[in-house]
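First the structure, in the form of structure tokens, and then the observations on it.
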Amino acid sequence: MTEAVTDFPIENLPYGVFRDGTGIATIGVAIGDRILDLRRSTGAGLFDELPTETRRACGEGTLNALMALTPGHWHELRARLTELVIAMAEVESYLVPMQDAVMLLPAVIGDYSDFYASIFHATNVGKLFRPDNPLLPNYKYVPIGYHGRASSIVASGVPVRRPAGQTQAATFGPTGALDYELEVGFFVGGGNALGTPIPIESAEEHIFGVCLVNDWSARDIQAWEYQPLGPFLGKSFATSLSPWVVPMEALAPYRVPIYARPAGDPAPLAHLDSAANRERGAIDMMLEVEISSAKMRDTCIPPFRLSRGNFKELYWSLAQMVAHHTSNGCNLRPGDLLASGTVSGPDAESRGCLLELTRRGADPITLPGGEVRRFLEDGDEVTLRGYCERDGLPRIGLGECTGRVG
Ligand code: MN
């Protein structure tokens with residue numbers, strides 16, 4: 001991101017939680033390089049025209065209560081925020097510099113589910129393990145996912161410790177194949193009652209907003225443990241989350257048709273298909289990953305871009321993931337986090353993890369400065385970014401999700 005461009009113009013207005021000057025967790029709204037303190041500005045009466053439940057939620061220390069309200073409440077709050085920020089005079093004294101703020105996890109995350117929605121990622125990874133049959137037969141019928149671990153989700157910037165585990169050789173020790181995964185997360189707003197599926201037509205009404213997710217993965221631990229029940233300790237040691245949750249309403253101008261299934265692919269089953277989903281189920285959003293090693297930082301070499309892709313290339317949409325997740329009656333709750341799975345595109349430069357970029361270490365990457373990477377080394381810092389751009393519209397971004405190993 002260049003100095004001149006902010007991810008947070010007034011068309012964005014994402015929500016986050018920061019520690020204010022007195023140490024209290026406080027909901028804030030990002031505006032340029034400042035944060036509007038929602039607790040103080042609500043207390044000062046700037047949102048008195050809004051319903052009590054909205055004002056009460058704005059004073060909380062997590063976004064859960066706000067997420068539990070309805071899209072109507074979210075829209076009203078956003079409209080009032082826009083009005084205040086355009087006028088600026090009334091909010092000026094409730095703005096704090098972003099650089100002084102410590103950002104926290106935006107919500108208490110009850111459950112975390114991670115999908116596998118990029119067919120390019122699934123195919124690239126499948127090829128490494130099954131060259132003749134990379135894509136399993138279920139892939140085009142069902143959005144594949146697994147239940148992740150909510151307790152080890154950490155805020156962007158929190159250091160990630162290299163995990164130890166069992167690997168293929170039946171030995172126990174530090175992972176030698178630590179990887180990142182570039183993902184987009186989406187927070188559940190209003191949930192559903194146990195036993196009551198969410199139809200795809202109303203699935204997006206249950207999504208509060210999106211953020212960036214780094215699903216750190218230990219590939220050697222994962223390879224040894226993943227059959228038959230899927231990922232477990234190879235992923236549950238840490239998952240990093242960007243601090244700002246961008247509302248779905250802010251993303252509306254960047255909605256595009258879902259990925260066009262190639263001829264011969266099965267159509268989605270009826271409960272995973274709708275006209276709205278076909279026409280604007282995807283989000284046109286660029287996603288980038290950068291790495292900076294300890295040596296690069298010591299020698300003033302700027303971070304190196306590892307990949308660049310687009311979120312619109314997912315085989316399965318957010319609405320399809322919500323509809324599928326609840327199709328058996330499973331209940332989602334406000335603050336639950338769902339994530340897309342590694343976002344990779346059709347090009348070599350759009351591969352969203354090192355496992356794909358280096359083909360499990362077979363094609364190492366040379367960093368500026370001469371270091372070679374198959375997987376992450378201690379001291380490596382990985383930063384994810386996401387942003388939407390369209391002619392005639394300002395760029396809006398998700399900010400950064402960063403984490404350093406060690
Ligand atoms: Mn993942």
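What length, rounded to one decimal in nm, is gained on full extension from Asp347 through to Asp48, with 0.36 nm per residue of separation minus their alpha-carbon distance? Could you put the intermediate results ahead of the total?
Values: separation 299, 0.36 × 299 = 107.64 nm, distance 5.05 nm.
Result for the pair: 102.6 nm of gain on full extension.
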Relative to the longest principal Cα axis of the chain, at what angle does helix 71-87 sit, 0 to 90 degrees, rounded to 10?
70
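Roughly what % of Cα-Cα distances in the stretch 278-406 sit above 19 Å, to the whole percent?
Working: 4886 of 8256 pairs.
Above the 19 Å cut-off, the stretch 278-406 has 59 percent of its Cα pairs.
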Rounded, prolate or oblate: which one fits the stretch 191-349, using the alpha carbon gyration tensor with axes a ≥ b ≥ c (rounded when a/c is under 1.5, else prolate when a/b beats b/c, else oblate)?
prolate
From a point 7 Å beyond the Cα of Ala169 in the direction of its Cβ, which residues of the stretch 216-238 have a backbone N at a distance under 15 Å?
220-221, 224
So how far apart, in nm, are the two label points at Asp363 and Glu60 if each is 7 Å from Cα heading toward Cβ?
4.6
Taking Lys and Arg as +1 and Asp and Glu as -1, residues besides Thr6 with C-beta under 9 Å from its C-beta add up to -1
I want to verify a result. In a Gaussian network model of the chain, Cα cutoff 10 Å, which of these has the top mean-square fluctuation: Gly185, Gly392, Gly335?
Gly392
Highest-MSF residue in the chain out of Arg255, Arg78, Arg161 [GNM, Cα springs under 10 Å]:
Arg161
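What Kirkwood Rh does the chain have if only Cα atoms enter the pairwise 1/r average? Answer in Å. Could you put the intermediate results ahead of the total?
Details: mean 1/r = 0.0460 Å⁻¹.
So the Kirkwood estimate lands at 21.8 Å.
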Pull out the extension gain between Ser202 and Arg297, defined as 0.36 nm times the separation in residues minus the alpha carbon to alpha carbon distance; nm, one decimal.
29.5 nm
Bin by bin, in steps of 5 Å, what percent of the Cα pairs in the stretch 125-233 do you find, going until the bin that has the longest distance?
2, 8, 13, 19, 19, 15, 12, 8, 3, 0
For a quick check, take a GNM of the chain with Cα springs below 10 Å and name the residue from Gly173, Gly329, Gly61 with the largest mean-square fluctuation.
Gly173
So how strong a dipole does the chain carry about its Cα centre when Lys and Arg Cβ are +1 and Asp and Glu Cβ are -1, to the nearest 20 debye?
860
Is the C-alpha gyration tensor of the stretch 223-296 telling us rounded, prolate or oblate? Criteria: a/c under 1.5 is rounded; beyond that, a/b larger than b/c is prolate, otherwise oblate.
oblate
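Nearest 20 debye, what's the magnitude of the dipole of the stretch 72-218 about its Cα centre given +1 on Lys and Arg Cβ and -1 on Asp and Glu Cβ?
Numbers: 8 positive and 15 negative charges, 140 e Å.
It works out to roughly 680 debye.
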To the nearest 10 degrees, the tilt of helix 119-129 (Cα long axis) against the first principal axis of the alpha carbons of the chain is 30
Placing each pseudo-label 7 Å from Cα in the direction of the beta carbon, Gln227 and Asp391 end up separated by a distance in nanometres of 5.1
When the accessible area of the chain is split by element with a 1.4 Å probe, what percent falls to carbon and sulfur?
54
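Classify the stretch 343-396: rounded, prolate or oblate, from the alpha-carbon gyration tensor (a ≥ b ≥ c, eigenvalue square roots; a/c under 1.5 rounded; otherwise prolate if a/b is larger than b/c)?
Working: a/c = 2.83, a/b = 1.89, b/c = 1.50.
Prolate is the answer for the stretch 343-396, as a/c is 1.5 or above and a/b outweighs b/c.
When the Kirkwood hydrodynamic radius is evaluated over all pairs of different C-alpha atoms of the stretch 153-204, what value in angstrom, to one decimal, is obtained?
For the stretch 153-204, inverting the mean 1/r across all distinct Cα pairs yields 15.7 Å.
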Give the peptides 302-308, 111-117 in descending order of average Cβ contacts within 10 Å, highest first.
111-117, 302-308
Quick numbers on the stretch 2-89, Rg and Dmax over C-alpha atoms in Å, give 12.7, 40
Charge dipole (debye, nearest 20) of the stretch 341-406; +1 at Cβ of Lys and Arg, -1 at Cβ of Asp and Glu:
160
Return a whole-number percent for the relative contact order of the chain, with Cα pairs under 8 Å and 6 or more residues apart as the contact set.
22
Leaving out ligands and nucleic acids, note down the accessible area per residue over the chain with a 1.4 angstrom probe, in whole Å².
42
Is any residue of the stretch 75-117 close enough, with backbone N under 18 Å, to a label point placed 7 angstrom from the Cα of Arg130 along the Cα-Cβ axis, and if so, which?
116-117
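How do 225-231, 200-206 rank on mean C-beta neighbours within 10 Å, highest first? Intermediate values should be presented prior to the final figure.
Details: 225-231: 12.6, 200-206: 19.7.
Those peptides, ordered most packed to least, come out 200-206, 225-231.
Considering only lysines 8 or more places apart in sequence, or on different chains, count the pairs in the chain whose C-alpha atoms sit under 24 Å apart. Spell out each step's value before the answer.
On the way: Lys127/Lys140; Lys127/Lys235; Lys127/Lys312; Lys140/Lys312.
Taking the Cα cut-off of 24 Å, the pair count is 4.
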Taking the alpha-carbon centre of each part, the distance from the stretch 259-295 to the stretch 141-214 in Å is 17
Applying a 10 Å radius around every beta-carbon, put 85-98, 287-300, 259-272 in order of their mean neighbour count, most first.
287-300, 85-98, 259-272
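The values are calculated or read from the model by the stated rules, or taken from the named source; none is laboratory data. All values derive from a computational prediction rather than experimental measurement. All Cβ positions, even for glycine, are placed from backbone atoms using ideal geometry, and neighbour counts span all protein chains on display. Ligands, DNA and RNA are excluded from the accessible area calculation, which covers all protein heavy atoms including side chains. Shrake-Rupley method; radii C 1.70, N 1.55, O 1.52, S 1.80 Å.
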